[in-house]
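The values are calculated or read from the model by the stated rules, or taken from the named source; none is laboratory data. These numbers were taken from a predicted model, which means no experiment stands behind them. Heads up, the Cβs are rebuilt from the backbone with ideal geometry, glycines too, and the neighbour counts pull from every protein chain shown.
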Amino acid sequence: MADFMPDEPKTWTDFVKRAKELKKVDVLVAMGSISDWREGIAGGMWDCVRVLVELSVTYQTFITSAHRTPRRVEFLAHRANISNRIIIAGAGGAAHLPGMMKAHAPSIPVIGVPIIGNPPKTGLDGMDALLSIVQMPPGVPVATVGMGAAANAALLAASMVGLYRPNVRDALHRYVTHQSDNVPVAPPKFVMPKAKKAAGKKK
Ligand code: AIR
């Protein structure tokens, strides 16, 4: 029987080429499946990239699964580690991607996004992904955002990049100010609904 390693012969060359570009950007955005991208839907990894762009944070996206493409995970995390990049990793179900990336990239921050499947695939509504990401063993920290909070992962990464890139810090400041400005001071004035009887009374 032949020994077997999932070495992805068809995609490996393209993947390595893209991975080498990583040194030119601030953040590596990884997701466990194309189904985690969810274009146009809040909570998908698309939403994370939308906020990174808004804040002028540069990024490179990758699809890589802890279980389906383990060699890609190792390669990418190692490259991010030696290039001092931040990793954002989103996955659903048994979401081992952020933890595995951290295992291979111990010197850099890894932010995990628990993905809620749409439609939910596991019947656990994202709780499985949340616990898989947040419950890391002591010594292997992954910063975990809420279920489907891909945009928060981008904001957290931007606040790290902003420590050394003033334009990102300024963009984050504008984002937060705009957010505050859009919170109303109070709800509308309460008006007691007229009693049904009174409303039905003839004059
Ligand atoms: N996944 C893929 N490899 C390992 C894990 N945990 C996750 C993906 C996706 C879910 O499994 O991150 O959220 C379902 O993947 P798919 O490709 O079947 O849609």
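Structure notes:
- Failed condition for N84, given (1) over 23 Å from K17 (Cα atoms); (2) out of contact with any helix residue (DSSP H, G or I) (no Cβ under 7 Å at 6 or more places or on another chain); (3) of a type in the set (S, T, N, Q): (1)
- Any chance H178 is crowded, with 17+ Cβ neighbours inside 10 Å and farther than 21 Å from Y59 by Cα: no
- Of the residues making up the stretch 52-71, one or more are more than 19 Å from A157 (Cβ to Cβ), within 16 Å of the ligand (Cβ to nearest atom), in contact (Cβ under 8 Å) with a residue 60 or more places away in the chain and of a type in the set (S, T, Y).
- In summary, L155 fulfils each of the numbered conditions (1) at pLDDT below 95; (2) crowded, with 17+ Cβ neighbours inside 10 Å with the single exception of condition (1).
- Residue within the stretch 6-27 that is at pLDDT 95 or above and within 16 Å of the ligand (Cβ to nearest atom) present: no
- Considering residues of the stretch 110-161 that are in contact with a Lys or Arg (Cβ under 9 Å, 6 or more places away or on another chain) and without any contact (Cβ under 8 Å) to a residue 60 or more places away in the chain only, the residue farthest from H96 (Cα to Cα): S159
- Members of the stretch 72-91 found to be within 21 Å of L155 (Cβ to Cβ) and of a type in the set (G, A, S), listed by number: A80, A89, G90, A91
- Scanning the stretch 122-141 for residues that are surrounded by 14 or more Cβ atoms within 10 Å (Cβ to Cβ) and either part of a helix (DSSP H, G or I) or within 14 Å of the ligand (Cβ to nearest atom) (or both) returns T122, L124, G126, D128, A129, L130, L131, S132, I133, V134.
- In the stretch 74-105, the residue that is nearest to G117 (Cα to Cα) out of those that are within 10 Å of the ligand (Cβ to nearest atom) and in contact with a strand residue (DSSP E or B) (Cβ under 9 Å, 6 or more places away or on another chain) is G92.
- Check on G123, more than 19 Å from the chain's Cα centre (by Cα), at pLDDT below 95, among the small types (G, A, S) and at positive phi: yes
- Contacts under 9 angstrom Cβ, first residue in the stretch 24-43 being more than 12 Å from G90 (Cβ to Cβ) and in contact (Cβ under 8 Å) with a residue 40 or more places away in the chain, partner in a loop (DSSP other than H, G, I, E, B) and near the ligand (Cβ under 7 Å from one of its atoms), 6 or more apart: none
- The set of residues in the stretch 91-121 that are part of a helix (DSSP H, G or I) and either farther than 15 Å from G139 by Cβ or not basic (K, R) (or both) comprises L97, P98, G99, M100, M101, A103, H104.
- All positions within the stretch 44-79 that are closer than 17 Å to G93 by Cα, assigned to a loop (DSSP other than H, G, I, E, B) and out of contact with any His (no Cβ under 8 Å at 6 or more places or on another chain): G44, T64, S65, R68, T69
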